[in-house]
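Have a look at the structure below, then the notes.
Rule-based calculations on the coordinates, nothing more; no lab input. Predicted model only: the values in this text are computed from it and were never measured. A quick note on method: Cβ atoms are made from the backbone with ideal geometry, for glycine too, and the neighbour counts reach across all protein chains shown.
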Amino acid sequence: MTEASSNSQLYEKGCAEAQRGATVADHRPIRNVRELCLNVGNVKHLGLILLLASYIVWFISLCMKLYYGYGYPPFDLAIFDQGLWLLSHFHAPFVTIMGRNLFGDHTSFILLLFAPFYRLFPEPQGLLILQTFLVAGAAIPIYILAQKLIRSTTIATLLVATYLLNPMLQQGNLDQFHPEAFQVLIISLAIYAAFERKPVMLVVMVALSLMVKEDAAMLVVPLGIWVVVRRDWRWGLLIIGAAVAWAMAANWLIIPGILGSSSFYAGRIPFGSFSGVFSTVIHRPNQLLSYLGSQGRLFYLWQLGSTTGFVFLLAPEIAMIGILVVAENVLSTDPYMHQILYQYSMPLAPVIVMGTVFAIARQRSVRRRNILTAVVVSAALWSCLVWGYAPFSVNQLIPGWSPNSGAQAINYVEQGLPPNAVVSAWYPLVSHIDHRAQVYVWPTPFSAQNWGLLNNTGARLPMAKEVQYLVLPIVLGPSDYPKVFEGITSDYALIRSRGGFGLYLTKGGSGG
C-alpha cells in the first residue's frame with residue numbers, strides 16, 4: 001500500500017514518542033505471527049500460552065459435557081454437522097433437519113473450504129473443538145498488535161486475558177456451532193493486516209470474511225472506510241465495493257436462486273423494510289426511540305461496552321468497525337440478535353478488544369495506559385463473573401443428562417439404528433445421529449414443524465412414507481406431539497428400549 005495519510009503519520013509519531021518513554025522492561029516486541037511462532041519458547045510469552053491453553057482446555061471440556069450429556073438441540077449444531085457430512089460425501093447439501101439447502105439458509109461458503117478437513121474429524125465434536133480454536137486464535141493478532149503499539153508484554157497479555165474473558169465470546173462458544181466462529185478469527189486478522197499495511201493478507205481475509213455469511217459486509221464496509229481514511233483510499237474503495245457487490249449478490253441472487261424465494265431471514269427488518277425504517281426515523285422518531293428501548297436493546301449495548309469498561313470510546317475508530325453489526329443486531333426484530341447469549345455478537349468481541357488496544361496505545365502517558373489497562377481488566381473480570389462461563393463465573397453449565405443416567409440409555413437405543421437409515425428423532429438426539437441423507441426432528445415429516453420456509457407447518461410431508469425408524473421417548477410429553485404419534489403408532493413396532501427411550505421400526509420395512 002502507499003504511505004499513510006498525514007493524520008496517520010502524526011498518530012504513529014505520537015505512539016513512537018510514547019513508546020520511547022515506556023518504563024516497562026520488555027524486549028523488542030513481536031512484529032508478526034511468524035516471529036511469534038519462532039519465539040514461542042521465550043518466557044515472556046508464557047502468559048499468552050497459558051491463557052490460550054487454559055481457555056481451549058476449559059471450553060472444549062464444557063462443550064464435550066454438553067454434547068455427551070445431550071445438551072445440544074439440533075438447531076444449529078446438527079444443521080451444520082449434517083450439512084458438512086453431506087458436502088464431504090459429495091451429496092447436495094439439502095439439510096433435512098431444517099428443510100433448506102445449507103447455502104440457501106446462509107451463504108456460508110467458507111464451509112466448502114473446511115469440508116475436506118471435516119473428513120478427518122467427521123463428528124460434531126470436531127466442529128465444537130474447531131470452534132473453540134477459532135475463537136481463541138483471535139487472541140494472537142490482538143497480542144501482536146498490542147505488543148507493537150504499546151510496547152508492553154504485560155499489557156498485551158492482560159488485553160489477551162480481557163478478550164478471552166469476554167462473555168460474548170464464551171456464550172457464543174457454548175452455543176452449538178456457527179460459521180461466525182470463522183469470522184471471529186478472520187476479522188481480527190483483517191484488522192491486523194489493515195493496520196500493518198499487509199495488502200495481500202488483507203485481501204485474503206476480506207474474501208474469507210465475505211464467505212462467512214451474507215451479512216459479512218456489515219464488518220467489511222467499515223473496515224474499508226478505515227483503510228480509505230488511514231491507509232490507502234484505492235484499496236479502501238476496492239474493499240467497500242467488493243463487500244457491497246457481494247452482499248447484493250448473496251441476498252438478491254444467490255439465496256433467492258437456491259430457495260426460490262427471498263431470504264428466510266428478511267422479515268427481521270423492523271417497520272416492514274429499510275424504507276420503513278427511514279420513514280420512521282424521519283416522520284415518527286418517537287416510535288423509533290420506543291422500539292429501541294424495548295426487548296432489552298439498551299441493556300445489550302451496556303453489555304457490549306462494559307466488557308472492556310468502555311475504554312475504546314477514548315479513541316473509537318477501530319471499535320467503530322463493528323458499528324454496523326451493532327446497528328443490525330439492535331434494529332433486528334429477532335430478540336436473539338440483541339443478546340450476548342448467541343453467535344450474532346461473537347465477531348464483535350475481537351473488534352471491541354482491538355479498539356481498546358488502539359485506545360490505550362493513543363495515551364502518551366505510561367501511567368494513563370497502566371490505569372486504563374487496570375480498568376479494562378477489572379471490567380472484563382466483572383462481566384465474565386456475571387455473564388460468562390469461566391470457573392469463577394456465576395453461570396453454571398447444565399449439560400442435560402449425566403453419562404451415568406439417561407445418556408447411557410439413549411446410547412444403547414441409538415446403537416440399533418443402521419447407518420443412513422431414514423429416521424425421525426426426538427430433538428435432543430438429532431445431533432448424535434445426523435450423519436445420514438435423511439434425518440428429521442420429530443414430529444417432522446409426519447407434521448412439519450420449523451421446516452422449509454414455514455409454509456407447511458402442521459402438514460404431513462411426502463417423505464413421511466420413507467421414514468424407517470423413530471427414536472423417541474416411550475412416554476411422550478404434552479410438547480412432544482403425542483397425537484401425531486398416536487396417528488402412526490400402528491405403522492411402527494418397538495424393537496429396542498431402555499431408560500424410557502425406544503427405537504421403532506416401520507412394520508414390513510427393510511430396516512435401512
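At R0 = 30 Å, how high is the FRET efficiency between T333 and V244 if r is their beta carbon distance? Nearest 0.05 is fine. Once rounded, the FRET efficiency stands at 0.80. For chymotrypsin sites (Phe, Trp or Tyr not before Pro), the sites in the range 379-468 that DSSP calls loop and that have at most 12 other Cβ atoms within 10 Å are F392. Only helices enter the 222 nm calculation for the chain: every DSSP H run of n ≥ 4 contributes -39,500 (n - 2.57), and dividing by all residues gives -16500 deg cm²/dmol, rounded to 500. For the range 296-447, the relative contact order is 20 percent, taking Cα pairs closer than 8 Å that sit 6 or more residues apart in sequence and dividing their mean separation by the residue count. Calculated from the structure at hand, volume of the Cα convex hull per residue in Å³ is found among (1) 163; (2) 144; (3) 176 as (1). In summary, the helical segments of the chain meeting the span-like criteria, namely a full DSSP H run, a Cα extent along the axis of 18 angstrom or more and a mean Kyte-Doolittle hydropathy of at least 0.5, are 46-68, 74-88, 124-137, 180-195, 217-230, 233-249, 348-361, 366-387. Normalising the average separation of contacting C-alpha pairs (under 8 angstrom, six or more residues apart) by the number of residues puts the relative contact order of the chain at 20 percent. Can you give the FRET efficiency for D491 and L381, using 1/(1 + (r/R0)^6), R0 = 35 Å, r = Cβ-Cβ distance, to the nearest 0.05? The value I calculate is 0.05. Average projection, convex hull of the Cα set of the range 126-201: 5.3 square nanometres.
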